[in-house]
Amino acid sequence: MGEVNFLQEEDIRLENTRARFANVVKRHAQLTERLSRDSDKTIYERLQKEFEAARASQSQEVNLDGEQWNDGLLATLREQVHMEADRKARSGETNNNMPTSHFEERITYRVGNKVICCLEGTRIGILYETSFAGDPCDLYHCVLESKSFLEKMTVLEHTVPFFLPIREAENELLSSNAMRFIDHIGELLQAYVDRREQVRLIKELYGNQIGELYHSLPYHMIEFVLDDSDCKVTISLRYADLVSVLPTRVKVLAWPMHQLKKNHTSSAILNRNENGTMNSHPIPARLSYAEDALRTMSLPEGIAFTVGYYQNSCPDVESIVNSAVKQKFQQTFVTAPATLRLFFHDCFVRGCDASVMLSSWNNTAEKDNPDNLSLAGDGFDTVIKAKAAVDSVPECRNKVSCADILAMATRDVITLTGGPFYAVELGRLDGRMSTKASVRHHLPGPDFKLGKLKAMFASHGLTLTDLVALSGAHTIGFSHCSRFARRIYKFKSKTGIDPTLDQAYARQLRQMCPENVDPRMAIEMDSATPRTFDNLYYKNLQQGKGLFTSDQSLFTDDAMSRNIVNVFASNNTAFEEAFVIAITKLGRLRVRKGKQGEIRHDCAVVNKI
């Protein structure tokens, strides 16, 4: 009997082994078939077609805000797919001729950059739409499934890059907080695209300076070497995690190519504090410009405007504005500095919403603040005439905001004076509020020292490089004598002259602006090329010929800002590239969208309700 039992046990083990082997062979065949069928590209194309078909078959697409996107909605979606699957199972639906009215009643939901829809079977699809600087980038898919309404969901398939931790997120979040899992994957993907596009932008802007560039697969570690005949420079950017958009640690290392002295290696490490500021130590001469620009290469998320915004509603708007600006510029050169200054004053107070254009019957608007009384009327007139030209075209009438017209006009006057041409992001709305009090403490003064300037610009997300680059706008235009009189007459020194000011230049200023001169008297900011947008402004700073304290302090107050001035003074292209980056960032300040603004019919008056 024992022998029989032994044989039976052996037989059972053999059958089990055979069954396991058969399963292994079957699984291997399935995997082989899937691998041959589903390359990454094939999976993407298949899922993209399925998502498009699902969205096309569903009755409507609803936009949700953050509060409407909650666990209850997700539970409703799960219930829908299971009810549909059960209905099909009960009806024995096996062909495409069966009624699908219930399926057609499903709704697709859009939450931020996510589109959530019901797929066939018991599956829910999430389509992630990434973007950079307002331009669409890549699409990614994630398909969730649960075998019953009560079971936890699992990730069935996806097109998320393999190096992003979707499986870890699935294990940690999906069973306990599916909504958080969906949001987290969206954050991972958007941050990855942001960092990847930063590298692309770095290559575009600094390709002629970069020798080698390395990065990790998810772009959370970026390192590159700058070409330089005098020293080798390595810049490293580190991100705290995979959802960080801005670097949290920037390290710059430099050492001379020729050993001249001992201890020749210089370095700087910058750490982002909780409040977003940087602690830093001095770094080699030519590095601060590159480090500062690269550290801030990331662009803000959720930009509400883009290049070509009016291509359907008013396709010729930029040429219309350009023609009007040219005509005004031919009448008076003051058009250029006046428009450029108007744009800066508008953006720095309430954001770029043309609130500086508004008038009030009792003189209590922004333009009535003492800091804005010196804004030349030609700047306002430029925008008004450009607005009239745009509205004279029937298809464009009351479709283009004053804020956008001011932004386009600013670009045009820069180009007309020899500066760089750049694409202007459009889609701003005009603000409905303008108060004299709102200007206070929001505009830099001519007596500001560098520390105060840095703090003010940093409050708007603008860096030291942005500050120095935007200050270069003083390469054109004029200033009233009263704006710098203290530097040449009442400074606390033996001569009464600011010692940071070149003494010969100070005497020249005294001749042009006698002590009791008419306060309306104005002189050129750049006496050599006052009507050309160039880098001579920075060469003047090197010689102590900055007209304002706020100008000269860029060179005298800080080694890092002085390094940037030196770079711009020696390289006009570097100045123009940095200026375009800075003025583009300036143009994004507090952009109005939706119910926050309007398209004014008259730039000086809010629309009647």
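The values are calculated or read from the model by the stated rules, or taken from the named source; none is laboratory data. This one's a predicted model, so the numbers in the text were calculated from it and none came from an experiment. All Cβ positions, glycine included, derive from the backbone under ideal geometry; neighbour counts span all protein chains shown.
K608 fails exactly one of the following numbered conditions: (1) more than 22 Å from Y505 (Cα to Cα); (2) surrounded by fewer than 18 Cβ atoms within 10 Å (Cβ to Cβ); (3) modelled with pLDDT of 90 or more. What is the number of that condition?
Single failed check for K608: (3).
Let me confirm something: among V424, V356, V383, which residue is under 25 Å from F457 (Cβ atoms) and touching a Leu at 6+ places or on another chain (Cβ under 6 Å)?
Only one candidate qualifies: V383.
Can you pull out every residue in the range 341-386 that is crowded, with 24+ Cβ neighbours inside 10 Å and hydroxyl-bearing (S, T, Y)?
Once the filter is applied, which keeps residues that are crowded, with 24+ Cβ neighbours inside 10 Å and hydroxyl-bearing (S, T, Y), the range 341-386 yields S355, T382.
Within the range 423-441, can you find the residues that are surrounded by 17 or more Cβ atoms within 10 Å (Cβ to Cβ), assigned to a loop (DSSP other than H, G, I, E, B) and not basic (K, R)?
If the condition is that a residue be surrounded by 17 or more Cβ atoms within 10 Å (Cβ to Cβ), assigned to a loop (DSSP other than H, G, I, E, B) and not basic (K, R), then V424, E425, G427, G431, S434, T435 are the ones that fit.
On the basis of being touching a helix residue (DSSP H, G or I) at 6+ places or on another chain (Cβ under 9 Å), β-branched (V, I, T) and assigned to a loop (DSSP other than H, G, I, E, B), does T465 make the cut?
Answer is no for this residue.
I need the full set of residues from the range 593-605 which are in a loop (DSSP other than H, G, I, E, B), among the small types (G, A, S) and surrounded by fewer than 20 Cβ atoms within 10 Å (Cβ to Cβ), in order please.
Of everything in the range 593-605, just one residue is in a loop (DSSP other than H, G, I, E, B), among the small types (G, A, S) and surrounded by fewer than 20 Cβ atoms within 10 Å (Cβ to Cβ), namely A604.
Counting only residues that are assigned to a helix (DSSP H, G or I) and small (G, A, S), which one in the range 363-386 is farthest from the chain's Cα centre (by Cα)?
Applying the filter and picking the extreme gives G377.
Restricting to the range 47-67, what's the tally of residues that are surrounded by fewer than 14 Cβ atoms within 10 Å (Cβ to Cβ) and modelled with pLDDT of 65 or more?
Matching residues across the range 47-67 total 8.
Based on this model, can you work out whether A338 counts as crowded, with 21+ Cβ neighbours inside 10 Å, assigned by TED's automatic domain parsing to the domain that holds V424, closer than 28 Å to P530 by Cβ and touching a residue at least 12 places away in the same chain (Cβ under 8 Å)?
Spelling it out, A338 is indeed crowded, with 21+ Cβ neighbours inside 10 Å, assigned by TED's automatic domain parsing to the domain that holds V424, closer than 28 Å to P530 by Cβ and touching a residue at least 12 places away in the same chain (Cβ under 8 Å).
Tell me which of these L453 doesn't satisfy, since it passes every other one: (1) crowded, with 20+ Cβ neighbours inside 10 Å; (2) modelled with pLDDT of 95 or more.
It fails just one condition, (2).
All but one of (1) in the same structural domain as V400 (by TED's automatic domain parsing); (2) within 30 Å of R486 (Cα to Cα); (3) loosely packed, with under 15 Cβ neighbours inside 10 Å; (4) without any contact (Cβ under 8 Å) to a residue 24 or more places away in the chain hold for T532; which doesn't?
Condition not satisfied by T532: (4).
Which of the residues that make up the range 403-428 are under 18 Å from the mean Cα position of the chain (by Cα) and of a type outside the set (S, T, Y)?
Residues satisfying the conditions are D404, A407, A423, V424, E425, L426, G427, R428.
Tell me, yes or no, whether the range 407-414 has at least one residue that is surrounded by fewer than 19 Cβ atoms within 10 Å (Cβ to Cβ) and either in contact with a helix residue (DSSP H, G or I) (Cβ under 6 Å, 6 or more places away or on another chain) or in the same structural domain as P370 (by TED's automatic domain parsing) (or both).
No: zero hits.
Would you mind finding the one in D534, D557, D518 that is more than 28 Å from the chain's Cα centre (by Cα) and within 23 Å of F478 (Cα to Cα)?
Being more than 28 Å from the chain's Cα centre (by Cα) and within 23 Å of F478 (Cα to Cα) holds for just one of D534, D557, D518, which is D518.
List pairs: first residue in the range 589-609 and assigned by TED's automatic domain parsing to the domain that holds L406, second residue in a loop (DSSP other than H, G, I, E, B) and among the basic types (K, R) anywhere in the structure, Cβ distance under 6 angstrom, at least six positions apart or on different chains.
V591/R428
Tell me which residues, restricted to the range 179-207, are surrounded by fewer than 21 Cβ atoms within 10 Å (Cβ to Cβ) and more than 23 Å from the chain's Cα centre (by Cα).
M179, R180
From the list L429, L453, which residue is touching a Pro at 6+ places or on another chain (Cβ under 6 Å), within 24 Å of V580 (Cα to Cα) and not polar (S, T, N, Q)?
Just one listed residue meets the conditions, L453.
Quick test of your reading of the structure: G419 fulfils all but one of (1) part of a helix (DSSP H, G or I); (2) crowded, with 19+ Cβ neighbours inside 10 Å. Name the failing condition by number.
(1)
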